[in-house]
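Asker: Below: one structure in structure tokens.
Every number here is computed from the coordinates shown, using simple stated rules; none is lab data. As the structure is a prediction and not an experimental result, all values here were calculated from the model. Every residue, glycine among them, receives a Cβ derived from its backbone with ideal geometry; neighbour counts consider all protein chains shown.
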Amino acid sequence: MLNEFKKYHKISETSFRVKNSDEVIEKVVEKYEVLSKKYDYSDGVSFYFDDWWFNLRKSNTEPLLRLNLETKNPKKMILKKQEVVRVIKKYSK
């Protein structure tokens, strides 16, 4: 019964151990702020698109960045996760 209410497909929260989390977030913002419909800084930074969204935030207790992502299409979920992960890894130290 619940499947009819599931509109999004989501990844498990994914963590990245980085020493330069502020710099990585800044680079992600530079890339996605012009592409997204809207973004906000209420909990880390979140970007919203027509059929997907993601959030990237620093851990309060560990040197980690945490990624959450949802899409309306399961194939797109995989592609968008790969895309965002590439950007994070490109700028991580």
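Asker: Residue by residue, what Karplus-based ³J(HN,Hα) values in Hz, rounded to whole numbers, does the range 17-22 have, using 6.51, -1.76 and 1.60 with θ = phi - 60° and x for Gly and Pro?
Answerer: Once rounded to whole Hz, the list reads 7, 9, 9, 10, 4, 5.
Asker: Less than 24 Å apart at the alpha-carbon level, and either on another chain or at least 8 residues along: which lysines does that give for Lys72?
Answerer: Lys6, Lys7, Lys10, Lys31, Lys37, Lys38, Lys80, Lys81
Asker: Would you calculate a helix-derived [θ] at 222 nm for the chain, using -39,500 (n - 2.57) for each DSSP H run of n ≥ 4 and dividing by the full residue count, to the nearest 500?
Answerer: Here the helix-only value at 222 nm equals -10500 deg cm²/dmol.
Asker: Determine the sum of side-chain charges near Leu64: Lys and Arg each +1, Asp and Glu each -1, restricted to other residues whose C-beta is under 15 angstrom from that of Leu64. The partial results should precede the final answer.
Answerer: Details: positive: Arg17, Lys19, Arg57, Lys58, Arg66, Lys89, Lys93; negative: Glu13, Asp22, Glu23, Asp43, Glu62.
Net local charge, Leu64 excluded: +2.
Asker: Straight-line reach from Lys58: which aspartates and glutamates have a Cα under 13 Å away, not including same-chain ones fewer than 8 places off?
Answerer: The qualifying aspartates and glutamates are Glu13, Asp22, Glu23, Glu26, Asp43.
Asker: I would also like to ask the following. For the range 52-60, just list the computed ³J(HN,Hα) in residue order, Karplus coefficients 6.51, -1.76 and 1.60, θ = phi - 60°, integers in Hz, with x standing in for Gly and Pro.
Answerer: Listing the rounded values in order: 6, 8, 8, 10, 10, 9, 7, 6, 7 Hz.
Asker: Here's a follow-up. Taking the 0 to 90 degree range and rounding to the nearest ten, how far is the long axis of helix 74-91 tilted relative to the main principal axis of the chain, both from C-alpha atoms?
Answerer: It works out to around 0 degrees.
Asker: To the nearest Å, what is the center-to-center distance of the range 1-66 and the range 68-93, using C-alpha atoms only?
Answerer: What the calculation gives is 9 Å, centre to centre.
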